[in-house]
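Remarks on the structure that follows.
The values are calculated or read from the model by the stated rules, or taken from the named source; none is laboratory data. What you see is a predicted model; the values in this text were computed from it and never measured. Every residue, glycine among them, receives a Cβ derived from its backbone with ideal geometry; neighbour counts consider all protein chains shown. These accessible areas exclude ligands, DNA and RNA; they are computed on the full protein's heavy atoms, side chains included. Shrake-Rupley method; radii C 1.70, N 1.55, O 1.52, S 1.80 Å.
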Amino acid sequence: MSEEFRQPQVHNLHSPGHFVAEAAELGGPSMTVSTACSSSAKVFASASRWINHALVDAVLVGGIDSLCMSILYGFNSLELVSANMCRPFDRRRDGINIGEGAGYAILAREDLLPDARFRLLGYGESADAYHMSHPHPEGKGAVMAMGQALERAGLSPDDIDYVNLHGTASQANDRIEAQALAQTFTGHTQASSTKAWAGHALGAAGILEAVTTLEAMTHGMMPGTLNCDEPEPDSAYAVLTDNVDKPIRHAMSNSFGFGGNNAALIFGHAHD
């Protein structure tokens, strides 16, 4: 290995955060959250706590993940990678399509962003630690995270118009997430997975899907679940298969990671 790739600054879990802080000329605390596929959703929760405890006035949050052979081989060894197109909640689903990406957002005290269009109303986090890579069979951690988010936001389940699901298209994830939804929501709340549109971006999935959720709220359009042409007949909760034009007042975004690291975010319009 060449000398330039032996630097402690490169082989360091915190190096992306240090780079972004330096590039953006930011001061104050910097923290890296590494909880697999819930990482860049949990950053919103951490930022909210920092602001609410008056540690900072504003936080730049984000997530990034890129494709590499170790990731591809690793997920393939777990028999989670599909050789076909990603089909969330479809009866023929057989695994994930891995994507890559990055996203950033700014959270701040309300008085500092008077023109902000959205508010983070609530968040929920859990770590059920049922299995290293398999979600709890009854969705206990997911239910807990969604329940905490609702409680923190002061909302009832029927106040949530749309949920952007974790929905990876693996057999276990989609079945168990549907069970968790059925334990939390009624038929009023619409839900869909957007992973077939962009792939599963792993550590960047949380922020990409949070942004997708905010875009859906902006345009009043609930995105359908791409490639879900034959919905799982025994699914505990039906998902949208086609786009639906409908105002979204409150929305939730789910992100679930290895080891049972679960996160749920609830967004609302800033001036409702």
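Of the residues that make up segment 148-161, is at least one open to solvent by 40 Å² or more (accessible area, probe 1.4 Å), at pLDDT below 95 and in contact with a strand residue (DSSP E or B) (Cβ under 9 Å, 6 or more places away or on another chain)?
Just the residues of segment 148-161 that are open to solvent by 40 Å² or more (accessible area, probe 1.4 Å), to begin with: 148, 151-152, 154, 156-159.
Then drop every residue that is not at pLDDT below 95, which leaves none.
No, that holds for no residue.
Answer with yes or no whether Leu165 is in contact (Cβ under 8 Å) with a residue 60 or more places away in the chain, open to solvent by 40 Å² or more (accessible area, probe 1.4 Å), of a type in the set (A, V, I, L, M, F, W, C) and closer than 27 Å to Glu215 by Cβ.
Working: in contact (Cβ under 8 Å) with a residue 60 or more places away in the chain: yes; open to solvent by 40 Å² or more (accessible area, probe 1.4 Å): no; of a type in the set (A, V, I, L, M, F, W, C): yes; closer than 27 Å to Glu215 by Cβ: yes.
No, not satisfied.
From the set of residues in segment 213-267 that are at positive phi and in contact with a helix residue (DSSP H, G or I) (Cβ under 6 Å, 6 or more places away or on another chain), which is modelled with the lowest pLDDT? Let's see the steps before the verdict.
From segment 213-267, those at positive phi are 220, 227, 259-260; that's our starting set.
Still in the running and in contact with a helix residue (DSSP H, G or I) (Cβ under 6 Å, 6 or more places away or on another chain): 227, 260.
Numbers: Asn227: 98, Gly260: 89.
Here the answer is Gly260.
Among the residues of segment 12-34, is there at least one that is within 26 Å of Gly167 (Cβ to Cβ), of a type in the set (Gly, Ala, Ser) and either open to solvent by less than 30 Å² (accessible area, probe 1.4 Å) or in contact with a strand residue (DSSP E or B) (Cβ under 9 Å, 6 or more places away or on another chain) (or both)?
No; the residues of segment 12-34 include none that is within 26 Å of Gly167 (Cβ to Cβ), of a type in the set (Gly, Ala, Ser) and either open to solvent by less than 30 Å² (accessible area, probe 1.4 Å) or in contact with a strand residue (DSSP E or B) (Cβ under 9 Å, 6 or more places away or on another chain) (or both).
Please go through segment 169-193 and give me each residue that is open to solvent by 10 Å² or more (accessible area, probe 1.4 Å), closer than 23 Å to Met221 by Cα and either of a type in the set (A, V, I, L, M, F, W, C) or not in a helix (DSSP H, G or I) (or both), ordered by number.
Those that are open to solvent by 10 Å² or more (accessible area, probe 1.4 Å), closer than 23 Å to Met221 by Cα and either of a type in the set (A, V, I, L, M, F, W, C) or not in a helix (DSSP H, G or I) (or both): Ala182, Phe185, Thr186, Gly187, His188, Gln190.
Read through the list (1) within 22 Å of Ala149 (Cα to Cα); (2) touching a residue at least 60 places away in the same chain (Cβ under 8 Å), then give the number of the only condition that Arg87 fails.
Condition (1) is where Arg87 drops out.
Phe118 - would you say it is open to solvent by less than 40 Å² (accessible area, probe 1.4 Å) and either over 21 Å from Ala210 (Cα atoms) or touching a helix residue (DSSP H, G or I) at 6+ places or on another chain (Cβ under 9 Å) (or both)?
Working: open to solvent by less than 40 Å² (accessible area, probe 1.4 Å): no; either over 21 Å from Ala210 (Cα atoms) or touching a helix residue (DSSP H, G or I) at 6+ places or on another chain (Cβ under 9 Å) (or both): yes.
No, not satisfied.
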